[in-house]
Amino acid sequence: MGAGLHPHTISGIDLDPSLSPDRGEGGVKQLEFATMLNKFEKFNRRFSSWLEWIGVIALLVMMVFTCIDVFLTKFFKSPIQSAIDVVMFSQLIAISFALATTLILNRHIQVDIYISSLPRRTQGVIDSIATLIGFGFFVIVVWQLSAMGHSFQVADEKSMSQLRVSLFPFPFAIALGGIPVCLVFLQRFLSSLMRVVKG
C-alpha cells in the first residue's frame, strides 16, 4: 500500500463491500482494476525514487562545484574553467529528475477548496479532465524534448564554453525525467475514472 493510505484503500480508492468478490462479476473486475492501479502506483513511486536520487547527486555536484569555484576565485584568483556549464547542466538534471516525486508528494500548488465540497462523482469527473490534460501536456513535452535531442545530435551541437560539451544528452535526460510524470498522471486519470464509475 502507498504511504498514508487507509488499509481499505487501493491506489487512493476507498474499497467498499461492492468490490468484494461475492458481489458478482462487476465487483471482481473493479477489485482487479484497483489492484492493478495499486501495482502501477508502486512502480511509479520506485521509478520516480530512482530518478530522484540521480537528481540529488546532480544537486550535490552543483553545490560542490559552486563552492570550489567560489573558493578558488576568492583566494587564488583561479576559477574553474567552464564551471558554469557543470552547474547549469547539473541543475537541469536535478530539476527534471525531481518532477515526478514532486507530483507524487503533491508539493506543487493546488487549490481545491471549492472542488472538495462537490459530490464524489463530480470530483472524479473534474480530476479526470485535469489529469488527462496534464498527461497530454507532458507527453507532448517528452516528445518535443526527444526531437530536440535528436536534432542536437545530428547537428553536433555543443556548448559555447571551452569544454565544448555535447548538448544532445540533456534534452534526452529531461525527457526521461518527464516519463514518470506521464505515468503518474495516467495512474491518477484511471483512478479518477474509477471514482466516476463508483459514484
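The values are calculated or read from the model by the stated rules, or taken from the named source; none is laboratory data. Keep in mind that this is a model prediction, so the values were computed, not measured. Don't worry about glycine lacking a Cβ; one is built from the backbone with ideal geometry, like all the others, and counts go over all protein chains shown.
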Original post:
In region 58-67, what residues are surrounded by 14 or more Cβ atoms within 10 Å (Cβ to Cβ) and either over 18 Å from Ser161 (Cα atoms) or touching a Lys or Arg at 6+ places or on another chain (Cβ under 7 Å) (or both)?
Top reply: Ala58, Leu59, Val61
Subject >> Residue match in region 26-34 (condition: of a type in the set (Gly, Ala, Ser), farther than 23 Å from Asp85 by Cβ, out of contact with any strand residue (DSSP E or B) (no Cβ under 8 Å at 6 or more places or on another chain) and surrounded by fewer than 14 Cβ atoms within 10 Å (Cβ to Cβ)) >> reply: yes
Subject >> Phe185 vs. criteria closer than 22 Å to Phe33 by Cα, out of contact with any Lys or Arg (no Cβ under 7 Å at 6 or more places or on another chain), at pLDDT 95 or above and not charged (D, E, K, R) >> reply: yes
Original post:
Identify, please: which residue in region 71-92 is touching a helix residue (DSSP H, G or I) at 6+ places or on another chain (Cβ under 6 Å) and not in a helix (DSSP H, G or I) and is, among those, surrounded by the most Cβ atoms within 10 Å (Cβ to Cβ)?
Top reply: Ile80
Original post:
In region 93-123, what residues are over 21 Å from Met194 (Cβ atoms) and surrounded by 17 or more Cβ atoms within 10 Å (Cβ to Cβ)?
Top reply: Ile93, Ala94, Ser96, Phe97, Ala98, Leu99, Ala100, Thr101
Subject >> Search result, residues across region 126-141 that are among the hydrophobic types (A, V, I, L, M, F, W, C), closer than 17 Å to Ile174 by Cα and in contact (Cβ under 8 Å) with a residue 24 or more places away in the chain >> reply: Phe135, Phe138, Val139, Val141
**OP:** Working carefully through the options Gln144, Gln81, Gln162, find the one that is of a type in the set (S, T, N, Q) and under 29 Å from Ser49 (Cβ atoms).
**Re:** Gln144
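May I ask you to list the residues in region 93-125 that are among the β-branched types (Val, Ile, Thr), assigned to a helix (DSSP H, G or I) and without any contact (Cβ under 8 Å) to a residue 40 or more places away in the chain?
If we filter region 93-125 for residues that are among the β-branched types (Val, Ile, Thr), which is where we start, we get 93, 95, 101-102, 104, 109, 111, 113, 115, 122, 125.
So of that shortlist, the ones also assigned to a helix (DSSP H, G or I) come out as 93, 95, 101-102, 104, 115, 122, 125.
Within region 93-125, Thr102, Ile115, Thr122 meet the criteria.
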Original post:
Based on what the data block shows, is Ile54 among the β-branched types (Val, Ile, Thr), in contact (Cβ under 8 Å) with a residue 40 or more places away in the chain and in a helix (DSSP H, G or I)?
Top reply: yes
Original post:
Can you spot a residue in region 142-153 that is on the phi < 0 side of the Ramachandran plot and in contact (Cβ under 8 Å) with a residue 60 or more places away in the chain?
Top reply: no
